[in-house]
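The values are calculated or read from the model by the stated rules, or taken from the named source; none is laboratory data. Being a predicted model, the structure only gives us computed values, none of them experimental. Reconstructed Cβ throughout: ideal geometry from the backbone, glycine too, with neighbour counts over all protein chains shown.
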Amino acid sequence: MKMCHLAQLGAVMLLLSACVTTNNVPSDCTGARAHTDECESLIKMATYGKQAAGFADQEDYDQAIHYYEKAAELALQFKPELYMEYTLNQALYAREKSKGTNVVHGLKGALAIMQQAVPYLEKIKNNKLRAHFYNQLGSTLDELADVEDNEKWSKGAIDAFKAAISNIDQADDPSLWADLHHSLGISYSSLYYLDRDIGNLALSQIAFNEASKSYSEKDNLERWGMSVNAIADIDAMQAFNTKDRKAVQRAINGYSSVITRLKNTKKFKYTYATSLHNLGILLQEVGKWEKKKDYLEKSYGYFDKAMDIYSEEKDLMAWISAQSNQARSVYLVALQTEDKEDFQKAARLFKNAIDNLPHDKAPIIWAKLHRRLGYVYSSYGEVFKDTAGIEYAIHYYKTALGVYEKAGYLKEGARLHQLINQSKLMQHEIPK
C-alpha cells in the first residue's frame, strides 16, 4: 500500500520571488536612450513580470503564466538567468493551476515549459539557480509519478534531484542540501512502490538519513517532523515486506512522536496529516495480514482525522487518497466479517471518492478507484452468491480498463482483462 507523500511535504519546492526583475530597468533608459530597442525591451520585460506577479497574487494563473512567458521571451536578449527565473515562475504557476483543474495536464504543462529551458542551462553560471531548476523539475516529475503510477516519472525525478544536489555545496547551504536529499528519498521510495526493487528502498533510506542529520526538532520543527515521517515510512515499507513486528513498532513510534509533537500546534497541518494518514496505512496493512479487525478500525479513525485537515485545506487529491484508504479498511473488515453492511459501506466510500474526483483531473487515480470498487462488488458477489454484485464488478473493471488502455498501461490492462474473465466465470458457477 502506498504511503502518502504530499507535494507540499515531499519534493520541497524552492519558491522564486514572484517578480524577479521589476527594478532591473537601467537608470540610463532616459532621454534619447529611452526609446532604443534595448531599453524598450527591458521596460516591457519588467512590466510583464510585474503584471504576471499581480495576476499570480489574484490566483489568475492563466494570465500569470501568459505574462511570465512574454517576459521570458524578452529576457533571452539579456541574461539567461533572467530567462530561467521567469521560466521557472511559469512552471510554478502551471502547477498551481493544476490543483484546481486537470492535475495531470497541468503537471505535464509545467514539465513542457521546463523542457524548453533545458538548452539554456549550460549558459547559466549560477549554481544555485541551476539547483532551483532541477529541484522544480524533480518536484514536477515526482507529482506526475504519484498521479500516474509511471516508473519513468520517478526515475526522471531521481535524476533531477541528484543533478540539483550536484550543483550545491553542503557547507554553503545545509538547509537546501537537506531538503533536496529528503526529496530524493521520496522519489526513491516512490520508485520502489512501482518496481518493488529493494535496492531503491535502501537508497531511499540513505537519502532520508542524510536529510535528517540537518533537521532539528528545536530549530526547525516542520522539517524535523517531515524527516521522522520519512524514516517511519521506510520502517513501514520494510514491515510490509517482512511482516517484522519490530519494524512495525519503530514505524508506529515514529509517526506517533510527530502526531504528539504537532497535535496542538496551529502550524504544520500537512506534516501532522501525513503522520495520521501513514499511520493509518500501516495499521491497515497489519490488520490485513494479522486479520485483526481492531487495527483496521483504528486505521479508519486516522484516515478520518487526516481527511478533516485535507478538507479544511481544500486539498482534493490528498482527501481522495485518504477516502480511498478509508474505504479499503472497511473492505478488509468486510472480508473478515462477511457482513453485508460492511461491504455496502466500503462501496459507498469508494463511490464517494469517485463522485468527488472529476475524471479528467487525474484519470489514472479515477481508474484505480473504479478497479478497487470492482474488488468490493466481486467479493460481495462471491460471498453472497449474488450475480448482480459480480455484474457490477465487471462494469467497474471495464470502466477502469478503458482508461488504462487509452493511457497505454498494458500491464494493468492485462490484469483487468483477467479480472473480467474471472468474474464472468464466477457468474456461471453461481447456481441460478
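A few remarks follow.
- For the condition surrounded by fewer than 18 Cβ atoms within 10 Å (Cβ to Cβ), more than 17 Å from the chain's Cα centre (by Cα) and more than 16 Å from Ala318 (Cβ to Cβ), Lys266 qualifies.
- Residue match in the stretch 64-81 (condition: of a type outside the set (Val, Ile, Thr), within 16 Å of Glu143 (Cβ to Cβ) and either surrounded by fewer than 21 Cβ atoms within 10 Å (Cβ to Cβ) or in contact with a Cys (Cβ under 9 Å, 6 or more places away or on another chain) (or both)): no
- Flag for Ala400 being surrounded by 18 or more Cβ atoms within 10 Å (Cβ to Cβ) and either modelled with pLDDT of 95 or more or farther than 24 Å from Leu296 by Cβ (or both): yes
- Restricting attention to the stretch 339-367 and to residues that are of a type in the set (Asp, Glu) and in contact (Cβ under 8 Å) with a residue 12 or more places away in the chain, the residue that is farthest from Gly381 (Cα to Cα) turns out to be Asp360.
- Within the stretch 179-197, considering residues that are among the aliphatic types (A, V, I, L, M) and at pLDDT 90 or above, the one farthest from Ser227 (Cα to Cα): Leu191
- Residue in the stretch 159-190 that is nearest to Val118 (Cα to Cα), counting only those that are surrounded by fewer than 24 Cβ atoms within 10 Å (Cβ to Cβ) and hydrophobic (A, V, I, L, M, F, W, C): Ala163
- The stretch 414-432, subset assigned to a helix (DSSP H, G or I) and among the basic types (Lys, Arg), residue surrounded by the most Cβ atoms within 10 Å (Cβ to Cβ): Arg415
- Checking each residue in the stretch 311-370 for being in a helix (DSSP H, G or I) and either on the phi > 0 side of the Ramachandran plot or of a type in the set (Phe, Trp, Tyr) (or both) picks out Trp319, Tyr331, Phe343, Phe350, Trp366.
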